[in-house]
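The values are calculated or read from the model by the stated rules, or taken from the named source; none is laboratory data. All figures in this text were calculated on a predicted structure; none of them were measured in a lab. Positions of Cβ are generated from backbone atoms using ideal geometry, with glycine treated the same way; all protein chains shown enter the neighbour counts.
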Amino acid sequence: MKTSNNLKSWIGYSITAVSATCAVLFSIAVSDKGILWGEIGVSRWMYENTPGFVDILGNVIDAPITDIGAPLLFLAITILVYWRWGRYATIGLVLAGSMTGLTRISDIVERSGPNENFVFYHSSFIYGDGGYPSGHIVYAVMIFGMIAYLSEKHSKSQAGNVVRYLMFLLILLNLWTRISGLHHWPGDVIGGVLISMPAFLIVVWVYNRIPVILKQFPKIYTFVFEEEKT
């Protein structure tokens with residue numbers, strides 16, 4: 001068991017380091033080249049071949065993940081997590097939510113978003129319209145990913161499996177429709193994943209160590225975990 005845990009830790013640290021390194025290198029490449037090879041062709045193919053109902057679902061998801069909607073959505077999700085899984089799980093979600101501050105670095109590469117002519121313009125960037133990386137993807141990976149993780153950790157029922165698969169579906173739908181709906185170039189989406197992945201893994205790492213940390217503060221530990229015993 002100890003060997004298995006050590007292996008999992010080593011894999012986790014490796015993925016975190018590799019994804020963080022790739023995020024830096026990929027961001028430099030996008031900044032240097034503007035548009036990467038294959039992005040225009042992939043965008044065109046996804047736009048022309050994605051069923052209409054998929055993009056409609058993407059637009060439905062897109063609406064709440066905005067500067068105004070995202071905090072309200074997060075608040076609603078936090079209340080549901082507290083109601084369903086208690087204080088410890090809520091702390092995990094809040095940790096993930098703090099990392100959505102990475103969405104503020106969206107547009108660190110000010111490149112214009114795609115258009116129906118699939119022409120890349122170097123000089124037509126407007127904040128919030130395109131830009132690298134995709135803030136929506138960062139938000140989706142951090143929040144929906146954390147809900148999936150919490151459902152696996154705290155729920156053993158069939159409903160927990162449904163929640164987990166639904167969160168994975170929402171992430172995949174975001175990944176696809178940010179491109180097929182001409183909101184972002186593929187590189188913006190890839191960058192969002194690379195930047196959010198190490199942040200997500202760090203949150204999970206910290207979350208699993210919260211019980212040990214809080215044991216140094218008995219009153220806080222009791223407050224957080226008393227529900228776990230009831």
Report task. Out of the residues in the range 54-84 that are polar (S, T, N, Q) and part of a helix (DSSP H, G or I), state the one that is farthest from S157 (Cα to Cα). Result -> N59
Query - Hits in the range 85-95 (condition: touching a residue at least 40 places away in the same chain (Cβ under 8 Å) and either surrounded by 16 or more Cβ atoms within 10 Å (Cβ to Cβ) or in contact with a Gly (Cβ under 8 Å, 6 or more places away or on another chain) (or both)) - result: W85, G86, Y88, A89, I91, G92, L93, L95
Query - Any hit, the range 68-86, residues being under 30 Å from A29 (Cα atoms) and at pLDDT 85 or above - result: no
Requested in this report: Collect the residues in the range 152-195 that are polar (S, T, N, Q) and farther than 23 Å from F53 by Cα, keeping them in residue-number order.
Outcome: S155, S157, Q158, N161
Query - Yes/no for P51 being free of Cβ contacts under 8 Å to residues at least 12 places away in the same chain, within 16 Å of the chain's Cα centre (by Cα) and closer than 30 Å to A159 by Cβ - result: no
Query raised in the report: What number of residues within the range 96-111 are modelled with pLDDT of 80 or more and surrounded by fewer than 18 Cβ atoms within 10 Å (Cβ to Cβ)?
Result: 1
Query raised in the report: Which of the residues that make up the range 214-225 are free of Cβ contacts under 8 Å to residues at least 60 places away in the same chain and in contact with a Phe, Trp or Tyr (Cβ under 9 Å, 6 or more places away or on another chain)?
Result: L214, K215
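Yes or no, residue by residue, for (1) outside any loop (DSSP other than H, G, I, E, B); (2) touching a residue at least 12 places away in the same chain (Cβ under 8 Å); (3) on the phi < 0 side of the Ramachandran plot:
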| residue | (1), (2), (3) |
| --- | --- |
| E116 | no, yes, yes |
| H136 | yes, yes, yes |
| Y139 | yes, yes, yes |
| N161 | yes, no, yes |
| F168 | yes, yes, yes |
| G192 | yes, yes, yes |
| P198 | yes, yes, yes |
| V203 | yes, yes, yes |
